[in-house]
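The values are calculated or read from the model by the stated rules, or taken from the named source; none is laboratory data. Since we're looking at a predicted model, the values are computed, not measured. Positions of Cβ are generated from backbone atoms using ideal geometry, with glycine treated the same way; all protein chains shown enter the neighbour counts. The area values use the complete protein model at the heavy-atom level, side chains included, leaving out ligands, DNA and RNA. Shrake-Rupley method; radii C 1.70, N 1.55, O 1.52, S 1.80 Å.
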Amino acid sequence: MLRARRELSAVSARLREQAERPVSGGESALIGMLGDRLVSVLRSHNTPSTLYYVRADGETYVVKVEFGRAPTLRDEIRWYRNAAQRGLPRRLFITGHSGPGLSFLLLKRFGDGSTVDDLALAGESTGQLGRHVARAMDSDTELFHRTQCHVGQDHVHRLTERRLALRRSQAGKFPYLRTLMDVDVVTINGIGLPGASRCLNRVFGDPRLVSYLTPDRVGMTFGDLHCGNILVREGFTEVVDPRGGPLLPITYDYGKLIQSVEGGYGAVMAGRYVLRRTDGTAYEFVPEVVPGYSSVAVLLAASCDELRYLQSLYYAALHFTAMLPHHASAQEETTALYLCGVSLFDKLFTQLA
Ligand SMILES: Nc1ncnc2c1ncn2[C@@H]1O[C@H](COP(=O)(O)OP(=O)(O)OP(=O)(O)O)[C@@H](O)[C@H]1O
Ligand SMILES: [Mg+2]
């Protein structure tokens, strides 16, 4: 096995060397080091990491790299190590390393990198999509069941509150976002809805509601189970881009899926929406209805009991609100994400009534 992967071991050793140099030389040094092993480069739009497709031993592999402190990729590497230590499936993971110069993750390549998002946005709406999502949910749920522990609702709620408090204060640094967050009423297509801060205060200020919507168990999950992280290859499915960090309730990840297929996240991130400000905080906002997402949304709702679905819907609305500062430099996209979030809160409150 090791013999068969001689070239790959050499690439991995050189990546480690470069990672350990306090000044890595940046991307040009990395590209120089990979030489003609480098097949292509894929820059991600949201995160500081870059993916390099590399040939070794007649196969193509994926190297995910982040330069400098690399907090996100360090967490991801930690997640894979943690899974391996607990005897959980290694999935596509081969190795990873964090040094002062850079962090890297070496993965087996899975198909051509197509995701459930890609298929849905290309117009696919057959049962195949649902099967991929169901498989991803099953492996996340199994992971959770194998690692879960009871920590109590207060602990889980404190995690939620802390995350939202941090993101609200980060959002406050962008004047347009501060206005949006704190607006009393935002009007979407002629219907007035409470603004995001009001929605959060309504839940956080009502202990009975918090208790209803907050699970008491946490475990290991992929942590970012949206349709852009579910890779598909014919009848096979893989999940990439796991999040390290604290153990989470499973409804956190189901919330990521609801956000993806029911909340409009996939359509907005693909630029498939119409947004026009008509007056003050009144908007015409129409995310495209993507049939593939709609079919998966039906499957998702059917695979949860009512309480679990509502708890997941709550997380989906929170995810939209929490992600705003990370997108804030793109004002139109962020406004669209904000409107998705308040719409999901409205859906939640309607279903709770
Ligand atoms: N092992 C793999 N095999 C094939 N393609 C992959 C693999 N890992 C990642 N990709 C491709 O690269 C894309 C981005 O990877 P990943 O989600 O890990 O990075 P990211 O930093 O979160 O980027 P983004 O912000 O675009 O989600 C995936 O959507 C997929 O298309
Ligand atoms: Mg990703």
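Applying the criterion of being in a helix (DSSP H, G or I) and of a type in the set (A, V, I, L, M, F, W, C) to the residues of the stretch 171-202, the residue that is nearest to the chain's Cα centre (by Cα) is ALA171.
Kindly indicate whether PRO48 is away from ligand 2 (no atom under 13 Å from the Cβ) and in a loop (DSSP other than H, G, I, E, B). Criteria not met by PRO48.
Condition check ((1) touching a Ser or Thr at 6+ places or on another chain (Cβ under 9 Å); (2) in a strand (DSSP E or B); (3) without any contact (Cβ under 8 Å) to a residue 40 or more places away in the chain; (4) under 17 Å from ARG16 (Cβ atoms)) across all residues:
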| position | (1), (2), (3), (4) |
| --- | --- |
| VAL39 | yes, yes, yes, no |
| LYS64 | yes, yes, no, yes |
| ARG69 | yes, no, yes, no |
| ARG78 | yes, no, no, yes |
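Pairs meeting the criteria (first residue in the stretch 205-230 and touching a residue at least 60 places away in the same chain (Cβ under 8 Å), second residue open to solvent by 60 Å² or more (accessible area, probe 1.4 Å) and within 16 Å of ligand 2 (Cβ to nearest atom), beta carbons under 7 Å, at least 6 apart or on different chains) are GLY223/ARG243. If I ask for residues that are within 14 Å of ligand 1 (Cβ to nearest atom) and either out of contact with any helix residue (DSSP H, G or I) (no Cβ under 9 Å at 6 or more places or on another chain) or open to solvent by less than 10 Å² (accessible area, probe 1.4 Å) (or both), which ones from the stretch 235-258 would you list? Matches in the stretch 235-258: VAL239, PRO242. Residues considered: ALA316, ALA336, ALA328. Of these, the only one that is buried (at least 23 other Cβ atoms within 10 Å of the Cβ), assigned by TED's automatic domain parsing to the domain that holds THR251, farther than 28 Å from ASP216 by Cα and in contact with a helix residue (DSSP H, G or I) (Cβ under 7 Å, 6 or more places away or on another chain) is ALA336. Pairing residues of the stretch 237-257 that are in the same structural domain as LEU299 (by TED's automatic domain parsing) with residues that are in a strand (DSSP E or B) and open to solvent by 30 Å² or more (accessible area, probe 1.4 Å), at Cβ distances under 7 Å and at least 6 apart in sequence or on separate chains, gives PRO249/ARG217. When residues in the stretch 31-56 are screened for being away from ligand 1 (no atom under 16 Å from the Cβ) and either within 24 Å of PRO71 (Cα to Cα) or within 24 Å of the chain's Cα centre (by Cα) (or both), 3 of them pass. If the condition is being among the basic types (Lys, Arg) and closer than 21 Å to TYR293 by Cα, then the stretch 210-251 contributes only ARG233. Output yes when any residue across the stretch 153-170 is open to solvent by 60 Å² or more (accessible area, probe 1.4 Å) and either part of a loop (DSSP other than H, G, I, E, B) or in contact with a strand residue (DSSP E or B) (Cβ under 7 Å, 6 or more places away or on another chain) (or both), and no when none is. Checking the stretch 153-170: not a single residue is open to solvent by 60 Å² or more (accessible area, probe 1.4 Å) and either part of a loop (DSSP other than H, G, I, E, B) or in contact with a strand residue (DSSP E or B) (Cβ under 7 Å, 6 or more places away or on another chain) (or both).
For the stretch 299-312, does any single residue satisfy the condition of being crowded, with 24+ Cβ neighbours inside 10 Å, in the same structural domain as ARG167 (by TED's automatic domain parsing) and either closer than 20 Å to ASP182 by Cα or not aromatic (Phe, Trp, Tyr) (or both)?
Residues of the stretch 299-312 that are crowded, with 24+ Cβ neighbours inside 10 Å, as a first pass: 312.
Those left that are additionally in the same structural domain as ARG167 (by TED's automatic domain parsing): 312.
The next check asks that each one be either closer than 20 Å to ASP182 by Cα or not aromatic (Phe, Trp, Tyr) (or both); those that pass are 312.
The answer is yes, given that some residue of the stretch 299-312 is crowded, with 24+ Cβ neighbours inside 10 Å, in the same structural domain as ARG167 (by TED's automatic domain parsing) and either closer than 20 Å to ASP182 by Cα or not aromatic (Phe, Trp, Tyr) (or both).
The residues of the stretch 51-73 that are surrounded by fewer than 16 Cβ atoms within 10 Å (Cβ to Cβ) and more than 16 Å from ligand 2 (Cβ to nearest atom), listed by number, are ASP57, GLY58, GLU59, THR60, GLY68, ARG69. Can you say whether THR95 is β-branched (Val, Ile, Thr) and in a helix (DSSP H, G or I), as far as the supplied structure shows? So THR95 fails the test. Beta carbons closer than 7 Å, at least 6 apart along the sequence or on distinct chains, pair a first residue in the stretch 272-294 that is farther than 23 Å from ARG178 by Cα with a second that is open to solvent by less than 80 Å² (accessible area, probe 1.4 Å) and of a type in the set (S, T, N, Q) for PRO291/SER125; GLY292/SER125.
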